[in-house]
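Peer 1: Okay, handing you the structure first.
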Amino acid sequence: MALWLKIISLIALLAHGSAVAVDLAHEAKLQYLYVDSSAGPSMNTGMSTDMGPGMSTDTSTDMGAEDYSLLQGNYRFKLTQDVGAWSLDLHYVLGAAASDASAGLEQDAGAPSWFDWRADIRRSDTQVVTHFIDRASLKYSGARWVAKLGRQAITWGNGNVFQVLDLFNPFAPAAMDTSYKPGVDLLYLQRLFDSGAELQGLWVPHKCGAETEATGCRDSLALKYLGYWQSLQFELMLAQNYGDKQLGLGLVLPLGTALAKLDLLASELVLPPAAARQTLYSAVLNLQHSWQWRERPLNGFIEYYLNGFADDVRSLDELAPGVRARLQRGQLFSLGRDQFAIGLQLQYSPLLTLAPTWIYQANDGSSLSLLTVNYNSSQSSNLVFGAQFARGEPGSQYGGLFVDASRRQRLPSGDRFFLRYEYYF
């Protein structure tokens, strides 16, 4: 890590006196989070503050039920340097957090990357200061070909809340901040065609560890073709993700003034110890529409999620090893088979946006309600308020899984309220 910090400092100093195109930007965020555990526990659904990897508020390892608060700060330095067809993208992040309980300081870095570019400056039960490299890639852009090597973020799929085609570090349905996905070390290639179609390919190397035993430890390889036929946009995906062989299809089609989106994924798993094969099917169907409400722009959507990796359990120790591994890697955030989401985004004024979302788990009747209010306080700053409410019976998806078969403890979380200030300079 020390070597990379020296490289960043050197590049920043040279950039100020260089004749090539250099773009320097800075972001700072300060967030206060309060968790009311008395409102009732809920399963870990990825309800992190997402102020940067290593600064999660996942409480899945804390079996207490006390309320707690978390104060969190984040600084991101961004450098983009262009030289002809080549460009360098570099993001350095410095984060700090203090909590009145250790529950708020669990690490959440997404799936492990090949290079470990993270280090704690200070860590205790209630305080942490950490820094890391979140982007570090070199890109070549030609008339027909694009190549990008290094730590970067790739987003595939068409879901609003749930994702089945986004294979690498997808956002959790209840993510509080979706500004940046955790970067992944990979090689990305893109071939452009005159018709507007494109072919994308990527290679993601993986390190083998205990968390990969249940799903295999092969490097991830994926191809995706994006094409158009009349008003239909379609995507075809073929991938090997860890030990899974996956085939995906994505469709986007206008329906009058609305937009329909469908993602399908078939996953062939090899199950130890007898190497038996099993094929699971997942899908996301989404319908969204935009209209005016009292002369204000309003966007709405309804979404259905079929989870092929569903595991009908009531306690953690009943989880299948493959499901547990996918939860730990951030590939899966739900255990229920059938889920629905309804969401709105209302631009109440040019500076104020309100976005409520309701998620319902049809198999056990539990639900998660979210509200985000964004106020554009200036040209270079935002003020964001959010609230999350999880409801359900004990042992349900959002009512809280039991820790073990004794059913005396549940995973805690409770209602959450946060206020975040963002400043860009």
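Peer 1: Quick one: in region 271-288, of everything that is closer than 19 Å to residue 338 by Cα and open to solvent by 60 Å² or more (accessible area, probe 1.4 Å), which residue is nearest to the chain's Cα centre (by Cα)?
Peer 2: Here the answer is 285.
Peer 1: Here are 327, 368, 332: which of them is in contact with a helix residue (DSSP H, G or I) (Cβ under 7 Å, 6 or more places away or on another chain), closer than 30 Å to residue 407 by Cα and not acidic (Asp, Glu)?
Peer 2: 332
Peer 1: Applying the selection to region 389-414, what residues are in a strand (DSSP E or B) and either on the phi > 0 side of the Ramachandran plot or open to solvent by 10 Å² or more (accessible area, probe 1.4 Å) (or both)?
Peer 2: Correct list: 389, 391, 402, 410.
Peer 1: Now a separate question. Could you tell me whether residue 88 is over 23 Å from residue 207 (Cβ atoms), assigned to a strand (DSSP E or B), modelled with pLDDT of 95 or more and touching a Ser or Thr at 6+ places or on another chain (Cβ under 8 Å)?
Peer 2: Working: over 23 Å from residue 207 (Cβ atoms): yes; assigned to a strand (DSSP E or B): yes; modelled with pLDDT of 95 or more: yes; touching a Ser or Thr at 6+ places or on another chain (Cβ under 8 Å): yes.
Criteria met by residue 88.
Peer 1: Right, residue 370: within 16 Å of residue 417 (Cα to Cα) and in contact (Cβ under 8 Å) with a residue 60 or more places away in the chain or not?
Peer 2: yes
Peer 1: Given the residues 356, 394, 350, which is the only one that is in contact with a Gly (Cβ under 9 Å, 6 or more places away or on another chain) and over 29 Å from residue 71 (Cβ atoms)?
Peer 2: Going through 356, 394, 350 in turn, the sole match is 394.
Peer 1: In region 247-270, how many residues are modelled with pLDDT under 95 and open to solvent by less than 50 Å² (accessible area, probe 1.4 Å)?
Peer 2: 2
Peer 1: Hey, does region 297-305 have a residue that's surrounded by 18 or more Cβ atoms within 10 Å (Cβ to Cβ) and touching a His at 6+ places or on another chain (Cβ under 9 Å)?
Peer 2: So far as region 297-305 goes, yes, one or more of its residues are surrounded by 18 or more Cβ atoms within 10 Å (Cβ to Cβ) and touching a His at 6+ places or on another chain (Cβ under 9 Å).
Peer 1: Related question: Identify the residue in region 376-388 that is open to solvent by less than 50 Å² (accessible area, probe 1.4 Å) and hydrophobic (A, V, I, L, M, F, W, C) and, among all such residues, is nearest to residue 420 (Cα to Cα).
Peer 2: Selected residue: 384.
Peer 1: Then there is this: Filter region 195-225 for residues that are acidic (Asp, Glu) and either touching a helix residue (DSSP H, G or I) at 6+ places or on another chain (Cβ under 6 Å) or modelled with pLDDT of 95 or more (or both); which is farthest from residue 414 (Cα to Cα)?
Peer 2: In the first step, residues of region 195-225 are kept if they are acidic (Asp, Glu); the result is 198, 211, 213, 219.
Right, trim to either touching a helix residue (DSSP H, G or I) at 6+ places or on another chain (Cβ under 6 Å) or modelled with pLDDT of 95 or more (or both) and you get 198, 211.
On the way: 198: 44, 211: 28 Å.
Taking the candidates together, the pick is 198.
Peer 1: Sort out which residues of region 135-152 are surrounded by 18 or more Cβ atoms within 10 Å (Cβ to Cβ) and either part of a loop (DSSP other than H, G, I, E, B) or of a type in the set (D, E, K, R) (or both), and write them in order of number.
Peer 2: Quick first cut of region 135-152, residues surrounded by 18 or more Cβ atoms within 10 Å (Cβ to Cβ) only: 135-137, 139, 148, 150-152.
Correct list: 135, 139, 148, 151.
Peer 1: Next question, about the same structure. Does region 404-421 hold any residues that are modelled with pLDDT under 80 and either charged (D, E, K, R) or under 25 Å from the mean Cα position of the chain (by Cα) (or both), and which are they?
Peer 2: Passing the criteria: 404, 407, 408, 410, 411, 412, 413, 414.
Peer 1: Still on this model: May I ask you to verify whether residue 155 is under 20 Å from the mean Cα position of the chain (by Cα), at pLDDT below 95, open to solvent by 20 Å² or more (accessible area, probe 1.4 Å) and β-branched (Val, Ile, Thr)?
Peer 2: yes
Peer 1: Let me ask another. Let me spell it out: the conditions are (1) open to solvent by less than 20 Å² (accessible area, probe 1.4 Å); (2) assigned to a strand (DSSP E or B); (3) among the small types (Gly, Ala, Ser); (4) in contact (Cβ under 8 Å) with a residue 40 or more places away in the chain, and residue 201 meets all of them except one. Which number is the exception?
Peer 2: The single condition residue 201 does not satisfy is (4).
Peer 1: Still on this structure, please answer the following. Determine which member of the set 358, 291 is open to solvent by 40 Å² or more (accessible area, probe 1.4 Å) and farther than 15 Å from residue 162 by Cα.
Peer 2: It is 291.
Peer 1: Could you tell me which numbered condition residue 115 fails, if it satisfies all but one of (1) in a loop (DSSP other than H, G, I, E, B); (2) in contact with a helix residue (DSSP H, G or I) (Cβ under 8 Å, 6 or more places away or on another chain)?
Peer 2: It fails just one condition, (2).
Peer 1: If I go through region 158-189 residue by residue, how many of them are free of Cβ contacts under 8 Å to residues at least 60 places away in the same chain and open to solvent by 30 Å² or more (accessible area, probe 1.4 Å)?
Peer 2: In the first step, residues of region 158-189 are kept if they are free of Cβ contacts under 8 Å to residues at least 60 places away in the same chain; the result is 166, 168, 186-189.
Now drop any that are not open to solvent by 30 Å² or more (accessible area, probe 1.4 Å), which leaves 187, 189.
Within region 158-189, residues that are free of Cβ contacts under 8 Å to residues at least 60 places away in the same chain and open to solvent by 30 Å² or more (accessible area, probe 1.4 Å) number 2.
The values are calculated or read from the model by the stated rules, or taken from the named source; none is laboratory data. Here the structure is a predicted model, which is why all the values come from computation and not from measurement. Positions of Cβ are backbone-derived with ideal geometry, glycine not excepted, and every protein chain shown enters the neighbour counts. Surface areas here come from the heavy atoms of the whole protein model, side chains and all, with no ligands, DNA or RNA. Shrake-Rupley method; radii C 1.70, N 1.55, O 1.52, S 1.80 Å.
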